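S.K.: Pasting a structure here, questions to come.
The values are calculated or read from the model by the stated rules, or taken from the named source; none is laboratory data. A quick note: this is a predicted structure, and the numbers were derived from the prediction, not measured. FYI the Cβ positions are ideal-geometry reconstructions off the backbone, even for glycines, and counts take in every protein chain you see.
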Amino acid sequence: MEITVVRALYFSGTGTTEKVVCTLAKALGRYLGASVERFDFTRPEAREAEQRFGPGELAVIGTPVYAGRVPNVLLKYLTGKLRGSGALAIPVVLFGNRNFDDGLIELRNILEQDGLRAVAGAAFVGEHSFSRTLAAGRPDKQDLARAEDFARAAAEKIAALSALPETAVAVRGEEPLRPYYTPRDRQGKAVNILKVKPLTDLDKCSGCGLCAALCPMGSIDPVDVSQVKGICIKCCACVKKCPTGAKFYTDPGYLYHQHELEEGFARRAAVETFL
Ligand SMILES: Cc1cc2nc3c(=O)[nH]c(=O)nc-3n(C[C@H](O)[C@H](O)[C@H](O)COP(=O)(O)O)c2cc1C
Ligand code: SF4
Ligand code: SF4
């Protein structure tokens, strides 16, 4: 099947999803002899436009895994603004070294409902949003080499197709989808961090406004960046990208969960690819 355009689309608070999706799209473009386009839907205004895909296009669509699933704040966009018309897609999820649970199968199913045909899928590992030690520096060289291999194999599969595959690619995950993953304390009680928001050390803050410009929810007041007026999804874009390190969390439940993740999931989680 001839592909003329590979389209990379991603949501990425701290940049790991972006890195993997763009690496994959670039390699796919090279192997398929196609041009590559990028579309970042991290900012709220980017999620207003519809994206239509047609024959000859391959969409590489990536999101992080939040609570073992596709971030629920993205469902409205992913189910309402993407129109497939039978184009091919590769769903990609990035998870922070714990598990991707049902994130990939959920993304695959959403893209299928949008009219795209999922021809391959992948779950890569990225440094956990909440941590600087959990999967630190990933996706690293080894992950990007794996992305290159996966892109080559997916391109070979696509080039050999004479028509759209009859079924979506099989990926790891359960159906019906399991509930969102809930962190628990040692007594098994749920740790609820839904309402937690980052604080700002105004002695460190230079007032550059970057955090307000980056926030995927548009929740940080650009006039007073210490005010998070809307919802916070804990993506940590503001925390990790603030040039002066002025954003931080003090919520005990959040810090407990961060610590539990760092202790309990310190091993190197595997990348999984599906063709
Ligand atoms: C609210 C929230 C929930 C998360 N849940 C999970 C999870 O269930 N499993 C996991 O392995 N990583 C989890 N992560 C970590 C992210 O999936 C991971 O850091 C990802 O690489 C971030 O992508 P980005 O850099 O594109 O923002 C979570 C992160 C956030 C912010
Ligand atoms: S990015 Fe950091 S330094 Fe810049 S306004 Fe936000 S908190 Fe202040
Ligand atoms: S305020 Fe919350 S949603 Fe906005 S960038 Fe910071 S962590 Fe992400």
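S.K.: Which of the residues spanning region 139-166 are touching a helix residue (DSSP H, G or I) at 6+ places or on another chain (Cβ under 7 Å) and assigned to a loop (DSSP other than H, G, I, E, B)?
M.R.: Result: P139, single match.
S.K.: I've got another one for you. Quick one: T273 ticks every box in (1) more than 16 Å from ligand 2 (Cβ to nearest atom); (2) outside any strand (DSSP E or B) except a single one, so which number is it?
M.R.: (2)
Here is a yes/no grid of residues against (1) more than 17 Å from G126 (Cα to Cα); (2) in contact with a Cys (Cβ under 8 Å, 6 or more places away or on another chain); (3) buried (at least 23 other Cβ atoms within 10 Å of the Cβ):
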site: Q51; (1), (2), (3): yes, no, no
site: A67; (1), (2), (3): no, no, no
site: K81; (1), (2), (3): yes, no, no
site: I90; (1), (2), (3): yes, no, yes
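S.K.: Output the residue which, of all residues in region 116-131 that are farther than 9 Å from L94 by Cβ, of a type outside the set (A, V, I, L, M) and more than 7 Å from ligand 1 (Cβ to nearest atom), is surrounded by the most Cβ atoms within 10 Å (Cβ to Cβ).
M.R.: G121
S.K.: List, please: which pairs have Cβ atoms under 6 Å, are six or more places apart or on different chains, and start with a residue in region 226-241 that is outside any loop (DSSP other than H, G, I, E, B) and end with one that is among the basic types (K, R) and at pLDDT 95 or above?
M.R.: Within 6 Å, the pairs are V228/K197; C238/K247; V239/K247.
S.K.: Hey, another quick one. Suppose we keep only residues that are in contact (Cβ under 8 Å) with a residue 40 or more places away in the chain and outside any loop (DSSP other than H, G, I, E, B) within region 110-121. Which one would you say is farthest from G56 (Cα to Cα)?
M.R.: For region 110-121, the residue satisfying everything is I110.
S.K.: Can you pull out the residues in region 168-210 that are within 16 Å of ligand 3 (Cβ to nearest atom) and either hydroxyl-bearing (S, T, Y) or farther than 27 Å from F100 by Cβ (or both)?
M.R.: L199, T200, D201, L202, K204, C205, C208, G209, L210
S.K.: I'm checking my understanding of the structure. Among residues of region 160-212 that are small (G, A, S) and surrounded by 14 or more Cβ atoms within 10 Å (Cβ to Cβ), which one is nearest to ligand 2 (Cβ to nearest atom)?
M.R.: Per the stated criteria, the residue is A212.
S.K.: Next question, about the same structure. In region 1-55, what residues are outside any helix (DSSP H, G or I), among the polar types (S, T, N, Q) and either within 16 Å of ligand 2 (Cβ to nearest atom) or over 28 Å from E166 (Cα atoms) (or both)?
M.R.: Answer for region 1-55, where residues must be outside any helix (DSSP H, G or I), among the polar types (S, T, N, Q) and either within 16 Å of ligand 2 (Cβ to nearest atom) or over 28 Å from E166 (Cα atoms) (or both): S12, T14, T42.
S.K.: For region 91-109, enumerate the residues that are assigned to a strand (DSSP E or B) and either within 16 Å of ligand 2 (Cβ to nearest atom) or β-branched (V, I, T) (or both).
M.R.: Initially, region 91-109 is screened for residues assigned to a strand (DSSP E or B), giving 91-95.
Selection gives V92, V93.
S.K.: Still on this structure, please answer the following. Within the bounds of region 211-234, is there any residue that is in contact with a helix residue (DSSP H, G or I) (Cβ under 6 Å, 6 or more places away or on another chain) and more than 10 Å from ligand 3 (Cβ to nearest atom)?
M.R.: Yes, some residue in region 211-234 is in contact with a helix residue (DSSP H, G or I) (Cβ under 6 Å, 6 or more places away or on another chain) and more than 10 Å from ligand 3 (Cβ to nearest atom).
S.K.: Out of V73, V20, I need the residue that is over 24 Å from G218 (Cα atoms) and at pLDDT 95 or above. Which one? It would help to see each step written out before you state the result.
M.R.: Values: V73 fails: over 24 Å from G218 (Cα atoms).
That would be V20, the only listed residue that is over 24 Å from G218 (Cα atoms) and at pLDDT 95 or above.
S.K.: Out of all the residues in region 46-61, is one or more within 16 Å of ligand 3 (Cβ to nearest atom), in contact with a Ser or Thr (Cβ under 8 Å, 6 or more places away or on another chain) and in contact (Cβ under 8 Å) with a residue 12 or more places away in the chain?
M.R.: Taking every residue of region 46-61 in turn, none turns out to be within 16 Å of ligand 3 (Cβ to nearest atom), in contact with a Ser or Thr (Cβ under 8 Å, 6 or more places away or on another chain) and in contact (Cβ under 8 Å) with a residue 12 or more places away in the chain.
S.K.: Further question: What are the residues in region 97-107 that are over 15 Å from F11 (Cα atoms) and buried (at least 24 other Cβ atoms within 10 Å of the Cβ), if any?
M.R.: Within region 97-107, F100, D102, I105, E106 meet the criteria.
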